[in-house]
Every structure is written in C-alpha cells, then in structure tokens.
1. In this structure, is V93 modelled with pLDDT of 90 or more, in contact with a strand residue (DSSP E or B) (Cβ under 6 Å, 6 or more places away or on another chain) and crowded, with 18+ Cβ neighbours inside 10 Å?
2. Of everything in the range 1-22 that's part of a helix (DSSP H, G or I) and in contact with a helix residue (DSSP H, G or I) (Cβ under 7 Å, 6 or more places away or on another chain), which residue is modelled with the highest pLDDT?
3. For the range 46-71, enumerate the residues that are of a type in the set (D, E) and more than 22 Å from I27 (Cβ to Cβ).
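The values are calculated or read from the model by the stated rules, or taken from the named source; none is laboratory data. Keep in mind it's a predicted model, so treat the numbers as computed, not measured. Using ideal geometry, Cβ is built from the backbone for each residue, glycine included, and neighbour counts are taken over all protein chains shown.
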Amino acid sequence: MSNESLNKSKNGQIEITAKAVEEIQKIRGQNNIPTTHGLRLGIKSGGCCGPSYLLGFEENVNEIDSVFETNGLKVIVDNNSIHFLAGAQLDFVENEHGSGFAFQNVKNLHELEGSHCESGSCGS
C-alpha cells in the first residue's frame, strides 16, 4: 500500500487508510452520528483468545485520552491503548470472507495475550 493512501496523524501515532476513513464516514452518515462525536479506538486483553479491538463513536474526551484529527475525522484513543496502537494502521478490508476494519502492525501484543489458559484453547 502506498504512503499516499494513508492518512497519518500529525503526531505519527496511528495511520488510517483512505478506505477506512471513507467507511467510517459512511457509517457516521448512515447512523446520523453528529460530527461532534469522534472515533474512539481501543484495545483490551482477550485472555488466551488474544486482544479485542474497540471502535465506536463517542462525544466525550477524558483527560487520559490522546486526540488527533485525520481527514476531518477526530480520533480518540485512551492512553492505555495508545501504548499498543502507536504506529499501527487501521484499514478497511474486503475479501471472500467478508469485510471489516483491521489493525496492522500492532506492537507489544504479547503483553495482552493470556498466559492463564488451562485448557489450551480459547473458550473452553
């Protein structure tokens, strides 16, 4: 993917592809979400299943949040998540299995992966 297709925050923390911005704005419009609401990105531990990524619209910005704007899109990330998402890329992908948002180049995932799996498989 070329650098031209990426919209990078001014502080270089998270790259959001043009396709992802387009899809986010489409969802915003279809759901009548006010432009005062930013896109909240986050990540949380999923135990032995790996991390879960959080995406949603939110108006409130907390004092522990990092905020930046790209292509007219306000992005909000809590300071715990930014540790993992800094330098990552958010894209919207479509393939034979379906479509959806995908994060690439997320760092330090080993800190979120569960080490307490007794059964050896997720959900057992």
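1. no
2. Top of the filtered list is A18.
3. Hit for the range 46-71 is E63, nothing else.
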